[in-house]
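Below is one structure, written out as structure tokens; comments come after it.
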Amino acid sequence: MTDYTNIYNKLTSIIDERNIKINEILKNHTYTRLGGKADIFLTPSTYEEVQAVVKFAKLENIPFTLLGNGSNLIVKDGGIRGIVILLKNFNRISTNGNQLVAQSGAAIIDASRYALKEHLSGLEFACGIPGTVGGALYMNAGAYGGEIKDVLDYAIIVDKNGDVVKRTAADLELSYRTSNIPEKGDIVLEAAFNLKPGNYDEIKAVMDDLTFKRESKQPLEYPSCGSVFKRPPGYFAGKLIQDSGLQGTRLGGAEVSTKHAGFIVNKDNATAEEYISLIKHVQKTVLEKFNVALEREVKIIGEDLEK
């Protein structure tokens with residue numbers, strides 16, 4: 001049994017104790033409203049604190065998990081062992097000429113709105129993506145024909161050794177909904193995007209149109225992880241699910257959305273176990289009906305609840 005009291009005391013020497021919590025309930029920090037407790041929950045305020053935590057975790061052999069803002073994530077009911085890091089305090093956005101620099105904890109939606117304010121075009125596609133800048137890089141987020149790799153110049157990261165390193169977009173090996181960030185164990189601190197000067201009204205018109213499409217088609221009135229599945233080659237996941245007659249299918253408090261079949265919503269205090277079981281049921285049904293294997297876009301982390 002790990003002595004987290006001792007670890008807490010050690011952490012107070014490298015991070016402000018106001019930013020350390022024990023047994024924090026993670027469902028309060030995820031879009032799905034799912035997830036058990038984190039043993040230790042940290043919200044560092046400086047890059048140096050992130051470095052120090054990574055080095056501490058490595059020295060003490062404690063696992064650590066980066067949570068982002070929990071928008072494309074399912075945390076299991078048993079929670080997460082070790083240290084969980086949330087970078088919500090890293091939310092600064094600025095511009096330098098045609099380049100926009102955003103810290104990893106800033107919402108990518110806010111980055112797109114900041115670009116609009118500065119009359120810069122290129123991030124319009126991101127105006128409805130409910131994740132952080134760091135999370136957007138992590139999975140090369142995209143929508144409506146655009147994706148992060150189209151505009152990313154570089155990222156500043158903390159590597160698994162606790163060193164601050166600059167990585168170019170090419171270094172990150174961005175492809176459809178993936179990057180090498182999780183494989184390398186990097187933590188994104190900030191990212192720089194190369195944008196182009198544009199007309200404010202024209203940029204806003206595009207963003208308004210995309211926002212309308214998102215709000216009219218997606219079940220934003222309920223907690224969810226967003227699009228559950230990647231688009232299979234030659235198909236649309238939502239159409240396959242719809243044609244399988246799965247819309248409205250419910251397991252406990254989790255339901256395949258009747259508004260958009262590609263979404264599973266937490267309609268009534270669902271557990272992560274119910275949500276994940278429904279995902280598996282959808283995959284099994286679509287495979288049986290259409291011989292198409294749906295690959296999850298959402299990431300599942302954490303431990304099952306002990307019974």
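A single entry from 52, 38 fulfils the requirement of being open to solvent by less than 40 Å² (accessible area, probe 1.4 Å), closer than 25 Å to residue 274 by Cβ and modelled with pLDDT of 95 or more: 38. Suppose the filter is without any contact (Cβ under 8 Å) to a residue 60 or more places away in the chain, open to solvent by less than 30 Å² (accessible area, probe 1.4 Å) and of a type outside the set (A, V, I, L, M, F, W, C); does residue 221 pass it? Taking the combined requirement at face value, the residue does not satisfy it.
Of the listed requirements (1) among the charged types (D, E, K, R); (2) more than 30 Å from residue 63 (Cα to Cα); (3) in contact with a Gly (Cβ under 7 Å, 6 or more places away or on another chain); (4) part of a loop (DSSP other than H, G, I, E, B), residue 303 misses just one: (2). Considering segment 261-281 alone, what residues qualify as being touching a strand residue (DSSP E or B) at 6+ places or on another chain (Cβ under 9 Å), assigned to a loop (DSSP other than H, G, I, E, B) and buried (at least 21 other Cβ atoms within 10 Å of the Cβ)? Listed by number, the residues that qualify are 262, 270. Pairing residues of segment 244-268 that are at positive phi with residues that are buried (at least 18 other Cβ atoms within 10 Å of the Cβ) and polar (S, T, N, Q), at Cβ distances under 8 Å and at least 6 apart in sequence or on separate chains, gives 252/271. Take the conditions open to solvent by less than 40 Å² (accessible area, probe 1.4 Å) and farther than 21 Å from residue 104 by Cα and apply them to residue 68. Does it pass? Answer is no for this residue.
Across segment 89-119, the qualifying residues are those that are in a strand (DSSP E or B) and not β-branched (Val, Ile, Thr), and the one among them that is nearest to residue 54 (Cα to Cα) is 103. For segment 224-254, filtered to residues that are open to solvent by 50 Å² or more (accessible area, probe 1.4 Å) and assigned to a helix (DSSP H, G or I), the residue that is farthest from residue 34 (Cα to Cα) is 243.
The values are calculated or read from the model by the stated rules, or taken from the named source; none is laboratory data. In this text the structure is predicted, and so the values were computed from the model without any measurement. We place every Cβ from the backbone using ideal geometry, glycine too, and count neighbours over all the protein chains shown. SASA here: full protein model, heavy atoms, side chains in, ligands and nucleic acids out. Shrake-Rupley method; radii C 1.70, N 1.55, O 1.52, S 1.80 Å.
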